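A short write-up of the structure that comes next.
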Amino acid sequence: MSDCPYAVSHEVENMCTVAKGPKHGPAPIPEEGKWVKAFEIKDISGLTHGIGHCAPQQGACKLTLNIKDGVIREALVETIGCSGMTHSAAMAAEILQGKTILEALNTDLVCDAINVAMRELFLQIVYGRSQTAFSEGGLPIGASLEDLGKGLRSQVGTMFATEQKGVRYLEMAEGYILDMALDADNEVIGYKFIHVGKMLSAVKAGKSYREAFESNVKTYGRYDEGVKFIDPRAE
């Protein structure tokens, strides 16, 4: 009789035993500046990103996880395109921390886009394709906030254009667009923007709304050379 703890078919039961030769372990993968042979989830570490979208492709998620010894120690959930996803992101952020990456992969993260991002991130990190693969010691907890910059706001670009009326800049990574500068040929040569994150931080620190607003209005490109200025939301 076989000493296998699992059910074995009659055909296999009657086969003679052939000894297994060399033992091939897993190929080493780069993790935080080390080459690691991963046998279990606890052998996985690294910080990386994953991108996912929902089935109707109405919204998308960028998920950043900092994993140490197989456990999610830090999560940054950024969503765009669907109003309900912001609440889903809030719930997912509460769910993710403290779970192993295998637990997180098999947990309902509320929104399809976040679930898909988790799947893509899992594949990257268990194959050794993390952002910190060759960074000795990896990155400290909190490192994902550096992607957001001052004001801790996601880097968002929002543009709109029609063939009839041309382009409208609505929001850049720098901030919310106040107006666009055009030259004599009605071509865009610059824009004025308000850095919303810095403005709100200034208000929180005690500055008046007007002072906080005016001190964080900036321009980009050849804005001062414009011959016409348009509000992208009004004209």
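None of the figures in this text is laboratory data; all of them are computed from the coordinates on show. All values derive from a computational prediction rather than experimental measurement. Here the Cβ positions follow ideal geometry from the backbone for every residue, glycine too, while neighbour counts run over all protein chains shown.
Pairs from the list LYS192/LYS228; LYS42/LYS62; LYS198/LYS218 with a Cα-Cα gap above 18 Å: LYS42/LYS62.
PRE reach from ILE51 (point 7 Å along Cα→Cβ): which of region 130-172 fall under 18 Å by backbone N? Counting backbone N atoms under 18 Å from the label point, the list is 130-132, 147-148, 154-159, 172. For region 1-84, a crude dipole built from +1 on the beta carbon of Lys and Arg and -1 on the beta carbon of Asp and Glu, taken about the Cα centre, is about 260 debye to the nearest 20. For LEU76, the shell of other residues with beta-carbons less than 11 Å away shows a net charge of -3, using +1 for Lys and Arg and -1 for Asp and Glu. Evaluating 6.51 cos²θ - 1.76 cosθ + 1.60 at θ = phi - 60° for every residue in region 113-121, the Karplus couplings come out as 4, 6, 4, 5, 4, 5, 5, 5, 5 Hz, glycine and proline recorded as x. Springs join every pair of Cα atoms under 10 Å in this Gaussian network model of the chain, and among LEU145, LEU121, LEU200 the largest mean-square fluctuation is at LEU200.
Compare ASP185, ASP147, ASP69 in a GNM of the chain, Cα atoms joined below 10 Å, and give the one with the largest fluctuation. Comparing ASP185, ASP147, ASP69 in a Gaussian network model of the chain, the most mobile one is ASP185. Evaluated at q = 0.14, 0.15, 0.18 Å⁻¹, the base-10 log of the normalised Debye intensity for the chain, with identical point scatterers placed on the Cα atoms, takes the values -1.02, -1.07, -1.19. The Kirkwood radius of region 125-164, taken over pairs of alpha-carbon atoms, gives through the Stokes-Einstein law at 4 °C and 1.567 mPa s a diffusion coefficient of 96 µm² s⁻¹. Using the Cβ-Cβ distance between ASP147 and ILE41 with R0 set to 25 Å, the FRET efficiency from 1/(1 + (r/R0)^6) comes to roughly 0.50. Comparing ALA205, ALA19, ALA38 in a Gaussian network model of the chain where C-alpha atoms under 10 Å apart are linked, the largest mean-square fluctuation is found at ALA19.
Annotation for region 137-190 versus region 41-82: alpha-carbon center distance of 23 Å.
Summing Lys and Arg as +1 and Asp and Glu as -1 over all other residues whose Cβ lies under 15 Å from the Cβ of GLU174 gives a net charge of +3.
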